[in-house]
Amino acid sequence: MSSSDARFAVRLTPRSSSNRVDGVLDGVLKIRVTAPAVEGAANAALVHLLAAELGVARGDVRIVAGGTSRQKLVVVDGVDPEAIVARWPGLRV
């Protein structure tokens with residue numbers, strides 16, 4: 001991980017009515033996706049949503065822990081941690 005990578009926790013809620021970022025609660029980014037938690041569909045939707053929100057390629061967003069859990073640890077390559085905190089104040093990066 002280089003200094004231009006951001007690592008943060010995500011609480012994912014699958015099978016929501018829409019794909020959206022709900023904000024930050026206790027330093028964790030809350031995200032909802034419409035995809036079910038089946039065969040990695042919710043994880044793929046999470047990666048797609050974060051890439052779109054941050055303006056990076058999907059390959060730059062990785063789930064490094066919690067692949068089968070609602071609590072996940074995400075790394076975004078090539079994005080300054082301060083830029084992530086500026087976008088979502090209160091997020092622990």
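Of the conditions (1) under 24 Å from residue 40 (Cβ atoms); (2) surrounded by fewer than 14 Cβ atoms within 10 Å (Cβ to Cβ), residue 75 satisfies every one except a single condition; which number is it? Going through the list (1) under 24 Å from residue 40 (Cβ atoms); (2) surrounded by fewer than 14 Cβ atoms within 10 Å (Cβ to Cβ), residue 75 breaks only (2). From the list 20, 32, 15, 11, the one residue that fits, being surrounded by fewer than 17 Cβ atoms within 10 Å (Cβ to Cβ), basic (Lys, Arg) and out of contact with any Pro (no Cβ under 6 Å at 6 or more places or on another chain), is 20.
Per-residue answers, yes or no, for (1) in a loop (DSSP other than H, G, I, E, B); (2) without any contact (Cβ under 8 Å) to a residue 40 or more places away in the chain; (3) not aliphatic (A, V, I, L, M):
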{"site": "10", "(1), (2), (3)": "no, no, no"}
{"site": "15", "(1), (2), (3)": "yes, yes, yes"}
{"site": "18", "(1), (2), (3)": "yes, yes, yes"}
{"site": "23", "(1), (2), (3)": "no, no, yes"}
{"site": "30", "(1), (2), (3)": "no, yes, yes"}
{"site": "37", "(1), (2), (3)": "yes, yes, no"}
{"site": "43", "(1), (2), (3)": "no, yes, yes"}
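Any chance the stretch 52-63 includes a residue that's in contact with a Lys or Arg (Cβ under 6 Å, 6 or more places away or on another chain) and either surrounded by fewer than 17 Cβ atoms within 10 Å (Cβ to Cβ) or in a loop (DSSP other than H, G, I, E, B) (or both)?
Looking for residues that are in contact with a Lys or Arg (Cβ under 6 Å, 6 or more places away or on another chain) and either surrounded by fewer than 17 Cβ atoms within 10 Å (Cβ to Cβ) or in a loop (DSSP other than H, G, I, E, B) (or both), one finds none in the stretch 52-63, hence no.
Screening residue 85 with (1) part of a loop (DSSP other than H, G, I, E, B); (2) under 15 Å from residue 9 (Cβ atoms) gives one miss only, at (1). Against the definition (hydrophobic (A, V, I, L, M, F, W, C), under 22 Å from residue 14 (Cβ atoms) and in contact with a strand residue (DSSP E or B) (Cβ under 8 Å, 6 or more places away or on another chain)), how does residue 61 come out, yes or no? Here the answer is yes, as residue 61 does meet what is asked. Pairing each residue of the stretch 56-83 that is at positive phi with any residue that is small (Gly, Ala, Ser) and exposed (fewer than 15 other Cβ atoms within 10 Å of the Cβ), provided the two are 6+ apart or on different chains, yields C-beta distances under 7 Å for 78/4.
Quick check on the stretch 23-39. Is at least one of its residues out of contact with any Lys or Arg (no Cβ under 9 Å at 6 or more places or on another chain) and at pLDDT below 95? Yes - at least one qualifying residue is present in the stretch 23-39. Residue-level check: of (1) touching a helix residue (DSSP H, G or I) at 6+ places or on another chain (Cβ under 7 Å); (2) not in a strand (DSSP E or B), residue 74 misses just (2). Among the residues of the stretch 55-70, those identified as closer than 24 Å to residue 89 by Cβ and more than 10 Å from the chain's Cα centre (by Cα) are 55, 56, 60, 64, 65, 66, 70.
The values are calculated or read from the model by the stated rules, or taken from the named source; none is laboratory data. Since this is a predicted model, take the numbers as computed values, not measurements. Glycine also receives a Cβ, built like all others from the backbone with ideal geometry; neighbour counts cover every protein chain displayed.
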